[in-house]
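First comes the structure, then the notes that go with it.
Nothing in this text is a laboratory measurement; each read-out follows from the coordinates by a stated rule. What you are looking at is a predicted structure, and each value in this text was computed from that prediction instead of being measured. Quick reminder, even Gly has a Cβ in these numbers, built from the backbone with ideal geometry, and neighbours come from all protein chains shown.
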Amino acid sequence: MKVLKLIFKNSFRHKLRTFLTILGIGVAVMAFGLLRTVVNAFGSGVRASSADRLVTRDAVTFINPLPLSYFNQIKQVPGVKQVTYMNWFGGTYIDQQHFFARYAVDPNTFFSVYPEYEIGKKAFAEFQSQPNSCIVGSALAQRYNFKAGDVITINGDIYPGTWEFQVAGIYKPEFKSTDAMSMFLNWNYLNEEVKQTFPGRADEVGWYVEQIANGANPGEVSKEIDALFANSPAETKTESERQFQQGFLASVGAIISAMNYVSFVIVGIIMLVLANTMIMSARERTREYAVLKAIGFSGRHLVGMILGESLLVSLLGGILGIFLTYPLVNSFASFSNFLGAELSVQSITLITAFTAVVFVGIAAAIFPIQRAMNTRIADGIRFVG
Amino acid sequence: MANLIEIKEVSKIYRRDSIETPVLTGINLSVGNGEFLALMGPSGSGKTTLLNLIAGIDKPTDGEIIVGGTDIARLSESALAKWRSSNIGFIFQFYNLIPVLTAFENVELPLLLTKLSKQERKQHVEAALNIVGLAERMNYYPKQLSGGQEQRVAIARAIVTDPLILIADEPTGDLDKNSAEEIMTLMQRLNSEFKKTIVLVTHDAHTASRAKTLRHLEKGDLLPADGQAA
Ligand SMILES: Nc1ncnc2c1ncn2[C@@H]1O[C@H](COP(=O)(O)OP(=O)(O)OP(=O)(O)O)[C@@H](O)[C@H]1O
Ligand SMILES: [Mg+2]
C-alpha cells in the first residue's frame with residue numbers, strides 16, 4: 001500500500017508536466033472518441049438494415065421517382081409478402097442547423113413493413129385518419145420536446161410551401177441501432193396537395209420497400225421485380241436493404257478509412273506524449289532507482305512502480321478524455337446533424353478507448369523500465385542528471 | 001577475532017567496448033567486526049569502486065569478497081539484493097532521499113521489504129530518527145531540511161534495518177564544517193555505542209581522523225597499513 005502511495009506521489013512530482021500530459025492524453029482520447037463514434041454511426045445503418053427487406057428504386061438514379069402504379073404489380077410477385085413506398089420530403093425545420101430526416105410514407109403499410117418503429121394503436125389510428133399528421137422518433141421528440149398534438153412547421157423545398165404537420169404520436173426504436181431521429185408524414189396527404197399545385201408530379205413514389213416471405217430467395221425476388229419493368233420508361237433496380245446501405249457506405253468508404261487511420265494515429269500520438277513524460281521522469285530518477293535497488297528493492301518493484309505511474313497517468317487522461325467525448329459528440333451532433341442519425345457514444349467506442357489507453361500506458365513504460373533495469377547500481381548512483 | 005570482511009586478491013577491470021580500465025589490482029584487506037575504517041586516496045584511485053564491491057552493488061573481475069562468511073561475489077543478483085537489504089546500510093555523498101517522501105517515509109523505505117507490521121515499522125523508524133536526533137522533524141520533506149539534517153535522515157535510513165555494516169562514500173563531502181563534525185560524531189557513536197562496522201571513504205584528512213583505522217588507496221593499490229588515526 002505504501003508503494004501505491006509512492007506511485008501516486010511520483011506521478012505528481014512535476015505537477016504541471018503531469019497535468020499537461022493528462023490533458024494532452026485527454027484531448028487525444030476525446031478526438032479518438034469522436035472519430036470512432038462517427039465511424040460507428042456510418043456502420044450502424046448497415047447493422048440496422050434488415051435482411052428480409054428489399055429496396056426498389058429507379059435503375060438510373062435514386063432521384064428519379066417511380067410510378068405509383070408499380071405498387072399493385074410488385075405486390076403480385078411471388079415471394080413478396082408486403083410492399084410499402086415512400087418519398088424523401090426534404091424541407092427545413094427552423095433552419096439548416098436543425099436537420100433531421102423526413103419521409104412521406106404510406107400510412108397503411110409502412111409500419112408493418114418496418115416493425116422496428118414501434119407505435120401505439122391510438123397514434124397509428126390517428127396517423128391513418130388525420131391527413132396532416134405525422135409520427136416522430138423518440139430521440140427527435142426528446143431533442144425538440146415534441147408532444148402529441150404539437151404542430152411542426154416545415155419550409156418545403158422539394159415540395160415548396162409552408163407545411164404544418166400535427167404530431168399524432170411518437171415511435172420508439174425497437175433496437176439500439178434503430179434510427180429514432182426521423183419524422184414520417186402521410187403520403188396520401190402529400191399526394192393530394194401535390195395534385196393541387198403540381199399535377200404533373202402526382203402519384204410519384206420515391207422508392208418501394210418489399211418485405212419478402214419466409215424462405216423466399218431475395219436474389220430471385222429482386223430479379224423478378226426488375227423483370228416486370230424491364231424496357232419500360234422507368235426501369236427499376238432492386239437490392240436488399242443491406243446492399244443498399246453498403247452501396248452508400250462504399251461511396252464514402254475513403255472518408256471512413258481515412259477516419260479509421262486517423263483514429264489510430266491519435267493512439268500513436270497519445271503514446272508519444274506519455275512516453276516522453278515517462279522517459280523524462282525515468283531519466284531524472286536514475287539515481288533514485290539505483291538507490292532503491294542498492295537498498296534491496298528488486299527489479300519487480302521497479303517495474304511495478306514505473307508501470308503503475310505510467311498506467312495511472314494514462315488512465316487519468318483516458319477518463320478525462322472519455323468525459324470530454326460526450327459533450328463533444330453532442331455538440332458535433334447538434335451542429336452537423338450527421339446523416340440524420342442519432343450520434344451517440346457507443347460502449348464499443350468506450351471499450352476501444354479504454355483498451356488503447358491501457359495499451360499506451362504499458363507501452364510507454366517499456367523504455368523507462370528497460371533503462372531502470374539495465375542501469376548498473378554503481379553507475380546509477382554516480383549518475384548526475 | 002574473525003574478520004567480518006575478508007577481501008582476497010580482488011581486482012576490478014572496467015570494460016567498455018574494447019577499452020579496458022584496470023581500477024583495482026590484487027587488493028587484500030581485512031576489516032574486523034566493530035571496525036571503523038576510513039579509506040583515503042586521490043580522485044580516481046578506486047575508492048568508490050572498492051566500497052561498491054564490499055557493499056555488494058558491484059562484482060569484482062577477480063578475487064573473493066567474504067562478508068560474514070559469505071562469498072558475496074558468487075551470489076546471484078537477487079540473492080545479493082536480499083543480502084544487501086539485511087546486511088548493509090548505505091550513506092551517500094548526496095543523501096539520495098526521495099524528495100516526495102517525508103523523513104519518516106524515507107526511513108521507512110527499507111522496512112517495506114521486511115515482514116514487519118505497520119506498527120513495528122513505526123517503532124523502528126522512530127527509534128532510528130531518535131538516534132540521529134530528528135524525531136521531531138519526521139514529517140518534514142527533504143527540501144525542508146538542511147544538508148546536515150538530510151544526511152542524518154539518510155543515516156537513519158541506513159541503520160533502520162539494523163545492518164552489520166555501514167558503507168559511507170564521502171558522507172561529509174557536501175556539507176559545511178559544522179554539519180560534517182556532527183555527522184562524524186554520529187558515525188563514531190554508531191560505531192562505539194551501536195557496534196556498527198563502518199567503512200567510510202573521504203577526501204578530508206580531518207574527517208578520516210575520526211575513524212579508528214586509516215588506509216590509503218593509490219592507483220588501484222592499497223598502501224600498507226601505515227598507522228592508526230588518532
Ligand atoms: N562504469 C565505469 N566504467 C569505466 N570506468 C569506470 C567506471 N566507474 C569508474 N570508472 C573509473 O574507475 C576509476 C576509479 O573510479 P572510482 O570512482 O572508484 O574512483 P574514486 O577513488 O572514488 O574517485 P573520487 O575520489 O573522484 O570519487 C576512475 O578512473 C573511473 O574513471
Ligand atoms: Mg568516489
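Checking the a/c ratio against 1.5 first, then a/b against b/c, what shape does the Cα gyration tensor give for the stretch A:137-261? Taking the square roots of the gyration eigenvalues as a ≥ b ≥ c, the stretch A:137-261 is oblate. For the stretch B:3-223, the square roots of the Cα gyration tensor eigenvalues, ordered a ≥ b ≥ c, give a/c of at least 1.5 with a/b greater than b/c, which places it in the prolate category. Using a 10 angstrom cutoff on alpha carbons, build the Gaussian network for chain B and name the most mobile of B:Asn139, B:Asn106, B:Asn191. Between B:Asn139, B:Asn106, B:Asn191, it is B:Asn139 that shows the largest mean-square fluctuation.
Short-range pairs are left out: with C-alpha atoms under 8 Å and at least six residues apart, the relative contact order of chain A is 29 percent.
Taken about its Cα centre, the protein assembly as shown carries a charge dipole of roughly 1840 debye when the Cβ of each Lys and Arg holds +1 and the Cβ of each Asp and Glu holds -1.
Percent of Cα-Cα pairs more than 28 Å apart in the stretch A:65-233, please.
The calculated P(r) of the stretch A:65-233 puts 26 percent of pairs beyond 28 Å.
With a cut-off of 15 Å between beta carbons, the residues surrounding A:Ile212 carry a summed charge of -2, where Lys and Arg count +1 and Asp and Glu -1.
With the Kirkwood sum run over all distinct C-alpha pairs, the protein assembly as shown has a hydrodynamic radius of 30.9 Å. Taking amide hydrogens as placed 1.01 Å from N in the peptide plane, the amide H of B:Leu166 sits under 5 Å from those of B:Gly89, B:Thr197, B:Ile198, B:Val199, each at least 5 positions away in sequence or on another chain. For the segment A:285-296, counting C-beta atoms of other chains within 10 Å of every residue's C-beta and taking the mean gives 6. Averaged over the residues of peptide B:98-107, the number of Cβ atoms from other protein chains lying within 10 Å of each residue's Cβ is 3. Of the trypsin sites (Lys or Arg not before Pro) in the stretch B:128-230, the ones in a loop by DSSP (not H, G, I, E or B) with at most 12 other beta carbons within 10 Å are B:Lys195.
Overall form of the stretch A:243-385: prolate. Here a/c, set by the Cα gyration tensor axes a ≥ b ≥ c, is 1.5 or more, and a/b is the larger of a/b and b/c.
Potential lengthening of the chain between A:Asn132 and A:Asp52 amounts to 25.7 nm, from the contour at 0.36 nm per residue minus the alpha-carbon distance.
In chain A, a dipole from Cβ-located charges (positive for Lys and Arg, negative for Asp and Glu) runs towards its positive end, and of A:Val83, A:Thr197, A:Phe32 it is A:Phe32 whose Cα lies farthest in that direction.
Using C-alpha pairs under 8 Å with a sequence gap of at least 6, the mean separation divided by the residue count of the stretch A:65-233 gives a relative contact order of 34 percent. Peptide B:90-97 has a mean of 3 when you count, residue by residue, the C-beta atoms of other protein chains within 10 Å of its C-beta.
Peptides A:207-214, A:308-315 ordered by packing proxy, namely the average of other Cβ atoms within 10 Å per residue, highest first: A:308-315, A:207-214.
A Cβ-based charge dipole, computed about the Cα centre of chain B with Lys and Arg at +1 and Asp and Glu at -1, lands at about 480 debye. The stretch A:268-339 and the stretch B:69-132 have their alpha-carbon centroids 30 Å apart. Summing Cβ point charges (Lys, Arg +1; Asp, Glu -1) relative to the Cα centre of the stretch A:138-188 gives a dipole of roughly 220 debye.
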